[in-house]
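What follows is a single structure, written as structure tokens, with notes after it.
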Amino acid sequence: MHFMTVWTFSPENAGATIERFMKTGGQPPEGVNMLARWHDVAGGRGFAISEADDPILMAKWCRGWTDLMSFEVIPVLNDEQLAAALAG
């Protein structure tokens, strides 16, 4: 299953967020494969596409950052998966 994650942090948390990211790389837990990650050029927001069989692992990954950021995690389908769903 693929997930699109959008995170946002406030200017007040920017320093702590950057520091943690530089130390940890923001890597996901075992069982989550981060396929791509992008950062808003203005700062404060980012986007990732990840793959995991268990959505609980996605929740655990986000939970490690919720003291600094808010998250939206959206299950997504690629074109082939959507076509299969639409075909019934």
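Observations
- Of all residues in the stretch 10-28 being over 18 Å from Ala48 (Cα atoms) and touching a residue at least 24 places away in the same chain (Cβ under 8 Å), the one that is surrounded by the most Cβ atoms within 10 Å (Cβ to Cβ): Asn13
- Scanning the stretch 34-88 for residues that are of a type outside the set (Phe, Trp, Tyr) and touching a residue at least 60 places away in the same chain (Cβ under 8 Å) turns up Met69, Ser70, Glu72, Val73, Ile74, Pro75, Val76, Leu77, Asn78.
- Some residue of the stretch 52-61 being in a strand (DSSP E or B) and either modelled with pLDDT of 95 or more or touching a strand residue (DSSP E or B) at 6+ places or on another chain (Cβ under 7 Å) (or both): yes
- Filter result for the condition that a residue is assigned to a strand (DSSP E or B), at pLDDT 95 or above, under 11 Å from the mean Cα position of the chain (by Cα) and exposed (fewer than 13 other Cβ atoms within 10 Å of the Cβ), over Trp7, Trp38: Trp38
Conditions tested, residue by residue: (1) touching a Ser or Thr at 6+ places or on another chain (Cβ under 8 Å); (2) among the aliphatic types (A, V, I, L, M).
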residue	(1), (2)
Ser10	no, no
Lys23	no, no
Pro29	no, no
Asp40	no, no
Gly44	yes, no
Ala52	no, yes
Met69	yes, yes
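- Count - residues of the stretch 46-56 that are surrounded by fewer than 20 Cβ atoms within 10 Å (Cβ to Cβ) and under 11 Å from the mean Cα position of the chain (by Cα): 4
The values are calculated or read from the model by the stated rules, or taken from the named source; none is laboratory data. Note that this is a predicted model, so its numbers are computed, not measured. Please note: Cβ atoms are built from the backbone with ideal geometry, for glycine as well, and neighbour counts cover all protein chains shown.
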